[in-house]
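Note sheet for the following structure.
The values are calculated or read from the model by the stated rules, or taken from the named source; none is laboratory data. Not measured: the values here are computed from a predicted model. Positions of Cβ are generated from backbone atoms using ideal geometry, with glycine treated the same way; all protein chains shown enter the neighbour counts. The area values use the complete protein model at the heavy-atom level, side chains included, leaving out ligands, DNA and RNA. Shrake-Rupley method; radii C 1.70, N 1.55, O 1.52, S 1.80 Å.
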Amino acid sequence: MSTDIKLVLLDIEGTTTSISFVAEELFPYIRQHLRFYLESTWSTSQTQEDLAHLSGLSIEDDAKGDKGFPLFNFNKGDGLTQERLDDAVKNVLSQMDVDRKSTALKALQGHMWKDGYASGQIKAHIYEDVLPSFERWKSKAVPIYIYSSGSIGAQKLLFAHTLYGDLSPYLVGHYDTTSGLKTESQSYENILKDINEKGREIRAEEVLFVTDNILEAEAATKVGMRCVLSVRPGTKELPASHPFLAVSTFQSLPI
Ligand SMILES: CSCCC(=O)C(=O)COP(=O)(O)O
Ligand SMILES: [Mg+2]
């Protein structure tokens with residue numbers, strides 16, 4: 001890699017953190033607590049906001065013939081009824097059944113995980129090769145950013161409550177699907193623009209993006225970022241031939 005790498009952008013699931021932690025701890029936590037959470041927080045502004053975004057999304061997506069999931073009609077201020085609660089639960093679980101990365105779903109999940117982390121019930125998995133790399137990049141003054149489909153709130157909770165303690169101090173910034181879907185090149189342009197607007201002059205070629213998803217790597221490569229694929233237990237099998245360096249540990253990364 002010719003130009004020096006001056007910034008590292010990291011995916012979470014399948015990269016810093018195991019797929020099994022997300023699939024076997026984070027998502028089951030949502031399924032287990034969803035009904036009670038919605039019922040007990042229904043009238044709060046946060047849940048009203050979440051429900052409005054979720055319902056708006058389903059109508060829009062169904063109109064586009066996207067992967068259908070039960071429509072539910074909700075307007076802010078709608079009181080709790082059994083039918084509305086059932087519809088909301090069905091909508092959320094149907095989205096999770098197909099691992100939709102909708103911003104509305106991820107926002108609700110992030111709000112719910114807060115209690116799980118605060119109570120100590122959830123401790124986030126981080127691969128053992130990640131913290132030494134964080135230390136290495138810190139010593140080289142290479143800033144670390146996160147780009148995950150998980151909401152920024154969920155990302156911050158995860159890194160603040162890991163098996164290695166609070167790793168938040170290593171992270172300079174966070175991006176999620178409010179910057180765009182991770183498989184769209186425009187999202188990486190948006191992220192680069194935001195980083196530069198916040199005073200850090202960075203060109204795409206100076207960014208190393210590490211992800212387990214080859215479609216994300218292809219999207220980031222299109223805007224000039226340098227991408228390495230993360231191969232961890234449970235990550236999708238890669239095509240027989242592809243242009244990327246693939247690593248099973250951060251120690252094999254080019255910085
Ligand atoms: C931030 S923890 C929740 C992870 C999540 O919901 C998700 O979809 C992770 O996707 P990623 O883009 O990090 O592979
Ligand atoms: Mg991932």
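How do His33, His53 rank by accessible surface area computed with a 1.4 Å probe, from largest to smallest?
The ordering from most to least exposed comes out as His53, His33.
Please give the FRET efficiency for Lys198 paired with Gln82, using the beta carbon to beta carbon distance and R0 = 45 Å, rounded to the nearest 0.05.
0.45
When the distances between all Cα atoms of segment 23-119 are binned every 10 Å from zero, what whole-number percent does each bin get?
16, 54, 27, 3, 0
Through the Karplus equation 6.51 cos²θ - 1.76 cosθ + 1.60, θ set to phi - 60°, convert the phi angles of segment 238-255 into ³J(HN,Hα) values in whole Hz; use x for Gly and Pro.
Karplus-based 3J(HN,Hα) across segment 238-255 equals 7, x, 3, 10, 7, x, 9, 5, 10, 10, 9, 8, 5, 5, 8, 6, x, 8 Hz.
Taking all protein chains in place and a 1.4 Å probe, what share, in percent, of the accessible surface of segment 23-119 do carbon and sulfur account for?
50
Can you compute the helix-only [θ] at 222 nm over the chain? Use -39500 (n - 2.57) per DSSP H run of at least 4 residues, normalise by all residues, nearest 500 deg cm²/dmol.
-13500 deg cm²/dmol
Within the chain, what's the longest stretch lacking GluC sites (Glu not before Pro) that sit in DSSP loops with no more than 13 other Cβ atoms inside 10 Å?
1-127
Helix 82-97 against the longest principal axis of the chain: what's the angle in degrees, Cα atoms only, rounded to the nearest 10?
Taking the Cα atoms of the chain, the angle to 82-97 is about 20 degrees.
Quick one: which residues, 5 or more positions from Thr16 or on another chain, have an amide H under 5 Å from its amide H? H modelled 1.01 Å from N in the peptide plane, none for Pro or chain starts.
Under 5 Å from the amide H of Thr16 lies no amide H from a residue far enough along the sequence or on another chain.
How far, in degrees from 0 to 90, does helix 185-197 lean away from the longest principal axis of the Cα atoms of the chain, to the nearest 10?
Helix 185-197 and the main axis of the chain meet at about 70 degrees.
How far is helix 45-63 tilted off the main Cα axis of the chain, in degrees rounded to 10, range 0 to 90?
The angle comes out at about 80 degrees.
Before I look further, what does the chain give for accessible area per residue, probe 1.4 Å, in whole square angstrom?
Per-residue value: 47 Å².
Under the definition of Cα pairs under 8 Å and six or more residues apart, what whole-number percent is the relative contact order of segment 23-119?
The value is 33 percent.
Check each of the trypsin sites (Lys or Arg not before Pro) in segment 119-205 and keep only those in coil by DSSP with at most 13 other C-beta atoms within 10 angstrom; list them in order.
Of the trypsin sites (Lys or Arg not before Pro), the ones in loops of segment 119-205 whose Cβ has at most 13 other Cβ atoms within 10 Å are Lys140, Lys198, Arg203.
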